[in-house]
Amino acid sequence: ASSLQGVWKHYFALVDASKENEKLEVRIASLEGELVRMGEVAEENKRLRNLLAYEDSVPGKLITANVIANDPRAEFKSITIDKGSTDGVEVFLPVMGPKGLVGKIGKVGIHTSQVILIIDPNSAVDAVIQRSRARGMIVGSSWITELKSGYYLTRLEYLQSTSDILDGDVVVSSGQDGVFPHGIPIGTVQGVKLSKYGIFKESNVIPFENMAELQEVVVSLR
């Protein structure tokens with residue numbers, strides 16, 4: 001009887017331990033999920049802080065928008081944001097991401113807008129080399145670069161043949177095209193060469209923003 005009683009006590013102890021383990025596993029899973037959510041919030045806050053930095057350099061009111069559609073495989077390189085005419089968004093307004101220039105508003109709906117990205121072949125941005133102030137035009141090429149996975153190339157064209165430009169130079173918006181504010185980071189120079197007839201210099205430019213991974217942007221209202 002004493003032996004049987006010991007077996008039953010051991011059995012019930014095992015049952016209680018199993019139930020406790022199940023509770024602990026549920027608790028651990030809950031805590032792990034909470035950590036993931038906290039990590040997402042921290043990353044979002046970091047991106048938003050970077051976006052708020054434009055308040056010191058971009059004139060006018062800024063509004064933050066979420067990217068709700070983004071297909072980098074599409075023929076026209078664009079994204080859709082969750083802000084529209086009811087928020088004050090208009091065609092041609094500049095759009096920036098946490099790291100640099102993204103594009104301009106191309107189409108406006110009531111509650112959403114389409115942004116034409118700087119990697120789109122129809123895009124053009126008047127730009128300067130930050131170091132030397134050499135001036136050229138950023139045009140979209142929509143080619144994927146092998147140097148940075150997932151990043152698309154743009155091109156810097158119409159530089160004078162004597163322009164001071166080197167690989168690694170930073171390109172920023174000039175502010176002289178009447179669309180984009182002055183001094184917004186665009187990307188870095190890679191592969192400087194003379195154009196076909198030797199009249200101009202040209203180069204690839206790797207944008208600072210990975211357009212396929214954009215989640216939040218800011219729109220500069222007039």
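The values are calculated or read from the model by the stated rules, or taken from the named source; none is laboratory data. Here the structure is a predicted model, which is why all the values come from computation and not from measurement. Backbone-built Cβ (ideal geometry, glycine too); neighbour counts: all protein chains shown. Please note that ligands, DNA and RNA were not included when accessible areas were found on the heavy atoms of the full protein model with its side chains. Shrake-Rupley method; radii C 1.70, N 1.55, O 1.52, S 1.80 Å.
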_If I go through segment 124-155 residue by residue, how many of them are at pLDDT 90 or above and open to solvent by 60 Å² or more (accessible area, probe 1.4 Å)?_
4
*asked:* If I filter segment 163-184 for residues that are touching a residue at least 60 places away in the same chain (Cβ under 8 Å), within 16 Å of SER132 (Cβ to Cβ) and open to solvent by 10 Å² or more (accessible area, probe 1.4 Å), do I get at least one hit?
replied: yes
*Would you mind stating whether ASN70 is farther than 28 Å from VAL128 by Cα, touching a helix residue (DSSP H, G or I) at 6+ places or on another chain (Cβ under 9 Å), open to solvent by 40 Å² or more (accessible area, probe 1.4 Å) and at pLDDT 75 or above?*
yes
_Hits in segment 93-105 - residues which are modelled with pLDDT of 95 or more and open to solvent by 30 Å² or more (accessible area, probe 1.4 Å)_ = LYS104
*Answer yes or no: is there a residue in segment 165-173 that is under 16 Å from LYS104 (Cα atoms) and at pLDDT 90 or above.*
yes
*If GLY191 passes every condition in (1) open to solvent by 40 Å² or more (accessible area, probe 1.4 Å); (2) part of a strand (DSSP E or B) but one, which one does it miss?*
(1)
_Is it the case, given these coordinates, that ALA53 is open to solvent by less than 90 Å² (accessible area, probe 1.4 Å), among the hydrophobic types (A, V, I, L, M, F, W, C), part of a helix (DSSP H, G or I) and at pLDDT 75 or above?_
yes
*Among PRO207, PRO121, which is open to solvent by 40 Å² or more (accessible area, probe 1.4 Å) and closer than 19 Å to PHE76 by Cα?*
PRO121
